[in-house]
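Asks: Below you'll find the structure I mean.
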Ligand SMILES: [Zn+2]
């Protein structure tokens, strides 16, 4: 996978941790998943000479340099540009009914007087709390289209992505990013409003000043010829599994022509406001009756984010294996930046929960992917990069930990 044989997944060989949060420099930036062959060097979060990660740098910029009144005005101008005059839908809001999509949809509908059509790319398997919150969202005043891919094909692609890339969440991510633009083209609604800008979590800082999602994430020329899923050309998957071309429809990016016809603009709403996940949670509780889980999610200490999919905890377990970064590291890094906890608390939480194995839905998820425990652990152990993991006394241990 890499030119250096002790480093898998195209990661940086030298491991560093941010001096301000708990993130390590092994965190990959967003990639175009439908071109991901698993053989490319991964662009990873940038660390400056003081060993501060770019997500923390962005937080400083948010605090000191951005004029939020001006950004709010920009959002108003944007809404004015697209607001419907006859009551028809004028903005597509992709979301799951989690705290962020509830916040964005209520804000655009009630403060900016827009007429949203919310669209949802279904989780692999809904958790009970996730399904309840999804219903709560709709019942708080929104029309919604639930886009559920063919279960047989989605399971197959999830299994392929897990076995081949140790990335079972990949088919979900692909669908989630293109659901908004696809429905925009289908319903001829040229404004799409996603929530978080990837710069919030450490993607390239120079991209933080552009509110629009990069088109590369949702368009592809010559669709099926160039489409790669789980690291394998889609055409081969179709042939090997006796599928039809139409079985791939949910994963085929939008034709650029269709988006150009109506000049679709895909925006991240977090660009326009001082985005803070915990504040979004409070907002969603107040405006829509959003409920956090009764127990914390395995692998972390939090109870209110990404709680709708039974595959989610396993997804973060694979990031722990591949990058040495588990769910607690992601959650604590974000909460340190937003001054909800300090770095010392963050480190203690990482030590306590980051490597916890998510066994709650494990058997169910193995059966979802039609694989045995042995196959699961074989994939997991093959994906532990020697520059991150050592095997000692029958136990796998991370070589570098935040301190
Ligand atoms: Zn940081």
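Asks: Any residue in region 325-337 that's free of Cβ contacts under 8 Å to residues at least 40 places away in the same chain: show its pairings with residues that are within 11 Å of the ligand (Cβ to nearest atom) at Cβ separation under 7 Å, as long as the two are six or more apart or on different chains.
Replies: Here the result reads none, with nothing in region 325-337 linked to a residue that is within 11 Å of the ligand (Cβ to nearest atom).
Asks: Check off (1) surrounded by fewer than 20 Cβ atoms within 10 Å (Cβ to Cβ); (2) touching a helix residue (DSSP H, G or I) at 6+ places or on another chain (Cβ under 7 Å) for residue 279 and give me the number that stays unchecked.
Replies: Here residue 279 clears every test but (2).
Asks: Answer yes or no: is there a residue in region 352-362 that is within 23 Å of residue 165 (Cβ to Cβ) and assigned to a helix (DSSP H, G or I).
Replies: yes
Asks: Could I ask something else about it? Filter region 37-81 for residues that are on the phi > 0 side of the Ramachandran plot and touching a helix residue (DSSP H, G or I) at 6+ places or on another chain (Cβ under 9 Å) and give the result.
Replies: Matches in region 37-81: 38 only.
Asks: If you don't mind, another one. State whether one or more residues within region 41-61 are surrounded by fewer than 18 Cβ atoms within 10 Å (Cβ to Cβ), modelled with pLDDT under 95 and either more than 16 Å from the ligand (Cβ to nearest atom) or assigned to a helix (DSSP H, G or I) (or both).
Replies: The answer is yes; a qualifying residue exists.
Asks: I'd like the full set of residues that are surrounded by 21 or more Cβ atoms within 10 Å (Cβ to Cβ) and assigned to a loop (DSSP other than H, G, I, E, B), limited to region 311-343.
Replies: 311, 324, 325, 326 - these are the residues of region 311-343 that are surrounded by 21 or more Cβ atoms within 10 Å (Cβ to Cβ) and assigned to a loop (DSSP other than H, G, I, E, B).
Asks: While we're on this one: Collect the residues in region 257-276 that are without any contact (Cβ under 8 Å) to a residue 40 or more places away in the chain and crowded, with 21+ Cβ neighbours inside 10 Å, keeping them in residue-number order.
Replies: none
Asks: For region 298-324, give me each residue that is without any contact (Cβ under 8 Å) to a residue 40 or more places away in the chain and under 26 Å from residue 384 (Cα atoms).
Replies: Hits for region 298-324 are 302, 319, 320.
Asks: All but one of (1) in contact with a helix residue (DSSP H, G or I) (Cβ under 6 Å, 6 or more places away or on another chain); (2) modelled with pLDDT of 95 or more; (3) more than 15 Å from the ligand (Cβ to nearest atom); (4) over 19 Å from residue 399 (Cα atoms) hold for residue 364, so report the exception by its number.
Replies: Tallying (1) in contact with a helix residue (DSSP H, G or I) (Cβ under 6 Å, 6 or more places away or on another chain); (2) modelled with pLDDT of 95 or more; (3) more than 15 Å from the ligand (Cβ to nearest atom); (4) over 19 Å from residue 399 (Cα atoms), residue 364 fails exactly one: (1).
Asks: Would you check if residue 184 is away from the ligand (no atom under 16 Å from the Cβ), outside any helix (DSSP H, G or I), touching a strand residue (DSSP E or B) at 6+ places or on another chain (Cβ under 8 Å) and within 26 Å of residue 90 (Cβ to Cβ)?
Replies: For residue 184, the condition - away from the ligand (no atom under 16 Å from the Cβ), outside any helix (DSSP H, G or I), touching a strand residue (DSSP E or B) at 6+ places or on another chain (Cβ under 8 Å) and within 26 Å of residue 90 (Cβ to Cβ) - is not met.
Asks: Which residue out of 7, 31, 15 is within 16 Å of the ligand (Cβ to nearest atom), over 30 Å from residue 113 (Cβ atoms), within 26 Å of the chain's Cα centre (by Cα) and part of a loop (DSSP other than H, G, I, E, B)? Before you say what the answer is, go through the steps one by one.
Replies: On the way: 7 fails: within 16 Å of the ligand (Cβ to nearest atom); 31 fails: within 16 Å of the ligand (Cβ to nearest atom).
Only one candidate passes the filter, namely 15.
Asks: Looking at (1) more than 22 Å from residue 201 (Cβ to Cβ); (2) in contact with a helix residue (DSSP H, G or I) (Cβ under 9 Å, 6 or more places away or on another chain); (3) in contact (Cβ under 8 Å) with a residue 12 or more places away in the chain, can you tell me which one residue 350 breaks?
Replies: (1)
Asks: Take the residues in region 18-28 that are within 14 Å of the ligand (Cβ to nearest atom) and in contact (Cβ under 8 Å) with a residue 40 or more places away in the chain; name whichever of them is nearest to residue 348 (Cα to Cα).
Replies: Step by step, filter region 18-28, then rank; the result is 22.
Asks: Whether any residue in region 131-149 is under 30 Å from residue 240 (Cβ atoms) and in a loop (DSSP other than H, G, I, E, B) is what I want to check.
Replies: The answer is yes, given that some residue of region 131-149 is under 30 Å from residue 240 (Cβ atoms) and in a loop (DSSP other than H, G, I, E, B).
Asks: Still on this structure, I have one more. Tally up the residues in region 236-252 that are closer than 19 Å to residue 32 by Cα and loosely packed, with under 15 Cβ neighbours inside 10 Å, please.
Replies: Selection size over region 236-252: 1.
Asks: Which of the residues belonging to region 187-204 are more than 16 Å from the ligand (Cβ to nearest atom), closer than 25 Å to residue 274 by Cα and outside any loop (DSSP other than H, G, I, E, B)?
Replies: Once the filter is applied, which keeps residues that are more than 16 Å from the ligand (Cβ to nearest atom), closer than 25 Å to residue 274 by Cα and outside any loop (DSSP other than H, G, I, E, B), region 187-204 yields 191, 192, 193, 194.
Asks: Please determine, by comparing only the residues of region 4-27 that are over 26 Å from residue 237 (Cα atoms) and touching a helix residue (DSSP H, G or I) at 6+ places or on another chain (Cβ under 7 Å), which one is modelled with the lowest pLDDT.
Replies: Top of the filtered list is 11.
Asks: If you don't mind, there's one more thing I want to ask. Where residues in region 128-159 are more than 27 Å from residue 287 (Cα to Cα) and in contact with a helix residue (DSSP H, G or I) (Cβ under 7 Å, 6 or more places away or on another chain), which of them is surrounded by the fewest Cβ atoms within 10 Å (Cβ to Cβ)? Please lay out each step first, then the result.
Replies: Pass one, region 128-159, residues more than 27 Å from residue 287 (Cα to Cα): 149-159.
Filter once more, so that each one left must be in contact with a helix residue (DSSP H, G or I) (Cβ under 7 Å, 6 or more places away or on another chain): 149-150, 153-155, 157-158.
Values: 149: 20, 150: 15, 153: 22, 154: 20, 155: 18, 157: 28, 158: 23.
Residue satisfying both the conditions and the ranking: 150.
Asks: Can you tell me which of 99, 132 is under 14 Å from residue 289 (Cβ atoms) and under 16 Å from the mean Cα position of the chain (by Cα)?
Replies: Result of the check over 99, 132: 99.
The values are calculated or read from the model by the stated rules, or taken from the named source; none is laboratory data. This one's a predicted model, so the numbers in the text were calculated from it and none came from an experiment. Every residue, glycine as well, gets a Cβ built from its backbone with ideal geometry; the counts of neighbours run over all protein chains shown.
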